[in-house]
Every structure is written in structure tokens, then in C-alpha cells.
Amino acid sequence: MNHSPIRLGPLALLLTVISICLTILAILTFTTARADLRLAEKYAETVQTRCALEKDGQEYLAGLNDGLETVPRRDQDGIYRLDLEREGYLLHMGLIRDGSGGFDVVSWRLEKTWEQADTIGNLWSGDFGKEG
């Protein structure tokens, strides 16, 4: 009987390349999933803060209509303005008196306070170093 030798070189090389590719894909999948989790948690915190601020505004308005809260400041247009703050978010409320002595909402706006950073890392400022 004549036995021909089995060549394992190309097969071993192919299996090595496949295992390296699968390892890289697994690492990329894991890091992407962790980043998605962090982003989802940050979004959940934002939603909770905004909902809590909305709840604060609703409770203040209910207390105002029941006479439990003090009347907010009034501007020159006759609109009562109130700003509520919670964890960097602001709720701007605009109210007017209705005929029954209560208040109606004319504006209700949520916004996030933001301050521009002085520097942006290693970003080029556009200055060529010219002397004035």
C-alpha cells in the first residue's frame, strides 16, 4: 500500500486565521455592548431627571392652584414666570391667571444648562504663530 502524507500546514494556517478573526470580532462585540450599556444608563438617568423635574412642576402648579405655594414673579406682559432646576436641567414655566382665581399654563419648556469649555483638547486654534 502506498500512503500519501497528509499536509496540515495550509489547514493549520487557515484555522489560525479563522480563530484570530473570531477573537477580534468577539472583543469588538463586547466593547460595543459595554458602550451601548453606558449610553443607555446615561440616557435613563437623563429621562429620570427630566421626569422628576416635570413632576416638580406639576406639583408646584397643583399647590399654586390650591393656594399652598407662593405666586411667582410677574413680568411686564402679565405672565407669571417660574424657573425650577434639578441636576443641570431647567423648567421654565409661564402662567396666567384664569377667571376662577387659578392659573393656566402658557409656556412649559425644559432645557439643559450648558457652558462652553474654554479648551477643546489638542484642537488647532487656527493661529499660525504670526507676531502682531
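Residues that are open to solvent by 50 Å² or more (accessible area, probe 1.4 Å) and not hydroxyl-bearing (Ser, Thr, Tyr) within segment 67-81 comprise 67, 68, 69, 71, 73, 74, 76, 77, 81, listed in sequence order. If the condition is being touching a strand residue (DSSP E or B) at 6+ places or on another chain (Cβ under 6 Å) and open to solvent by 100 Å² or more (accessible area, probe 1.4 Å), then segment 98-119 contributes 109, 112. Beta carbons closer than 6 Å, at least 6 apart along the sequence or on distinct chains, pair a first residue in segment 52-76 that is without any contact (Cβ under 8 Å) to a residue 24 or more places away in the chain with a second that is assigned to a helix (DSSP H, G or I) and open to solvent by less than 100 Å² (accessible area, probe 1.4 Å) for 69/60; 69/63.
When 84, 11, 28, 64 are checked against the criterion of being outside any loop (DSSP other than H, G, I, E, B), open to solvent by less than 100 Å² (accessible area, probe 1.4 Å) and at pLDDT below 85, a single residue qualifies: 64.
Of the candidates 62, 35, 52, 44, the single residue that is aliphatic (A, V, I, L, M) and in contact with a Lys or Arg (Cβ under 9 Å, 6 or more places away or on another chain) is 52. Against the conditions (1) open to solvent by less than 100 Å² (accessible area, probe 1.4 Å); (2) in contact with a strand residue (DSSP E or B) (Cβ under 7 Å, 6 or more places away or on another chain); (3) of a type in the set (D, E, K, R), where does residue 41 fall short? Just the number, please. It is condition (2) that residue 41 fails.
The values are calculated or read from the model by the stated rules, or taken from the named source; none is laboratory data. Worth saying up front: this structure is predicted, and the values here are computed from it rather than measured. Cβ atoms come from the backbone with ideal geometry, glycine included; neighbour counts cover every protein chain shown. The protein model used for the area step is the full one, side chains on, heavy atoms only, and it has no ligands, DNA or RNA in it. Shrake-Rupley method; radii C 1.70, N 1.55, O 1.52, S 1.80 Å.
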